[in-house]
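S.K.: Submitted below is the structure of interest, expressed as structure tokens.
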Amino acid sequence: MHKKILLSLFVLFSSFFLFQINYVEAYSNLPTYAIEDNCDAILGDPEVDGTVANFLQQIFTIMGYLAPLLCVVLSVVEFVKATASQDKDALMKAMKNTGKRLILAVLLFFLPTLINFIFPLLGWYGTCGIK
């Protein structure tokens, strides 16, 4: 019961910050730049070695291949342990954990795509070319 209350409070407060609308009026004679024009200044170009964007690109690429591999290996190990123990509860737990791992691996694989879709809807920066 305590966890449900904390979860509902977290969802309530996080939705307040997520959907908060701020109106800012600023007047300046300085030139304005679109987000896409200034994206290289923030993280750098993902195609150029030594930039933060290139490092993040390499991390996402490694995680994209490593997540499904770890999902399969950990699931096989857990199923072997459950089968060796001959416990039906252990097999059900292994199936439940495998489902969770698959969902998380798919989310991790499609994380840059989700960010590129959701962030512009909220008016935030995208992934700046990181795939």
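Each reported figure results from applying straightforward, stated rules to the coordinates on display, with no laboratory input. No experiment lies behind these values; they were computed from the predicted model shown. Virtual Cβ from ideal backbone geometry, glycine too; neighbours counted across all protein chains shown.
S.K.: Could you run the Karplus curve 6.51 cos²θ - 1.76 cosθ + 1.60 with θ = phi - 60° over the stretch 54-61 and give me ³J(HN,Hα) per residue in whole Hz, x for Gly and Pro?
M.R.: Karplus values, whole Hz, x for Gly and Pro: 5, 4, 5, 4, 5, 4, 5, 5.
S.K.: Summing +1 for each Lys or Arg and -1 for each Asp or Glu, what net charge is found among the other residues whose Cβ lies under 14 Å from the Cβ of ASP89?
M.R.: Counting the neighbours of ASP89, the net charge comes to +2.
S.K.: With each pseudo-label sitting 7 Å past Cα toward Cβ, what's the VAL73-THR51 distance in nm, one decimal?
M.R.: My value for the distance between the label points is 3.2 nm.
S.K.: Want the number for LYS4 to MET92: 0.36 nm per residue separation, take away the alpha-carbon distance, what's left?
M.R.: Length gained between LYS4 and MET92: 29.2 nm.
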